[in-house]
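Here's the structure we're looking at; comments come further down.
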Amino acid sequence: MQGITDEQRSELREAFDMFDTDSSGTIDAKELRVAMKALGFETSAQEIRDMMASVDVDQSGTLDFEEFVEMMTKKMGEREAKQELVRVFAILDEQGRGMLSFRDLRRLAVELELPFSDKEVEDMIRVADSDGDGEVTEADFVRIMSAAASKSV
């Protein structure tokens, strides 16, 4: 499988084997949820069902190791992307307020020579701003940028 190192694959094998409690060579939703938590991913029961459905190609209701690796590779990529967005937000938030204002985003557009009008910057804030205070929080930024990235794929 592409996207992970041999060491990561080995760690995934160890986790898979540890949580394959009945030694069936597969893990079910309950075992997967425990494995995800052990690997540092907080997931709801619905997220587990959705993840399983997306990679359970044989529709068995369980995941074999290769299906598990596929799913975890995707989850690790999502975590890395989120961490990168958090780093970008921190760079943009020069004053360390935990918020990006119209002025911050306008300055960024000018620095990057992006041809956004004031109205377009205001529209971006309106779309991203979950609490309506006119500023974009780190969580807003990560949410909107993640959504934009998934649409461009």
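Only the coordinates and a few stated rules stand behind these numbers; no lab work does. Being a predicted model, the structure only gives us computed values, none of them experimental. Ideal geometry is used to build each Cβ from the backbone, glycine not excepted, and the neighbour counts take in all protein chains shown.
Of note:
- For segment 94-99, 3J(HN,Hα) computed residue by residue from phi via the Karplus equation (6.51, -1.76, 1.60; θ = phi - 60°) reads 4, 8, x, 7, x, 9 Hz, glycine and proline entered as x.
- Estimated 222 nm signal from helices in the chain, with DSSP H stretches of n ≥ 4 weighted -39500 (n - 2.57), rounded to 500: -21000 deg cm²/dmol
- Label point 7 Å beyond Cα of Thr43 along Cβ direction - residues of segment 59-86 with amide nitrogen under 17 Å: 59-82
- Rounded, prolate or oblate (a/c below 1.5 giving rounded, otherwise prolate when a/b exceeds b/c) for segment 93-152 by Cα gyration tensor: rounded
- Evaluating 6.51 cos²θ - 1.76 cosθ + 1.60 at θ = phi - 60° for every residue in segment 59-76, the Karplus couplings come out as 6, 7, x, 9, 10, 7, 4, 5, 5, 4, 4, 4, 5, 5, 4, 5, 4, 5 Hz, glycine and proline recorded as x.
- Summing charges over neighbours of Gly40, with a neighbour being any other residue whose Cβ is under 11 Å away from its Cβ, gives +2 when K and R count +1 and D and E count -1.
- With the Kirkwood sum run over all distinct C-alpha pairs, the chain has a hydrodynamic radius of 18.0 Å.
- Two-site FRET efficiency, Met18 against Ala147, from Cβ-Cβ distance with R₀ of 35 Å, rounded to 0.05: 0.55
- Contour excess over end-to-end distance, with Cα ends at Glu70 and Ser54 and 0.36 nm allotted per residue: 4.8 nm
- Under 30 Å from the Cα of Lys119 - lysines, other chains or at least 8 residues apart: Lys82, Lys151
- Share of pairwise Cα separations in segment 6-77, more than 20 Å, in percent: 17
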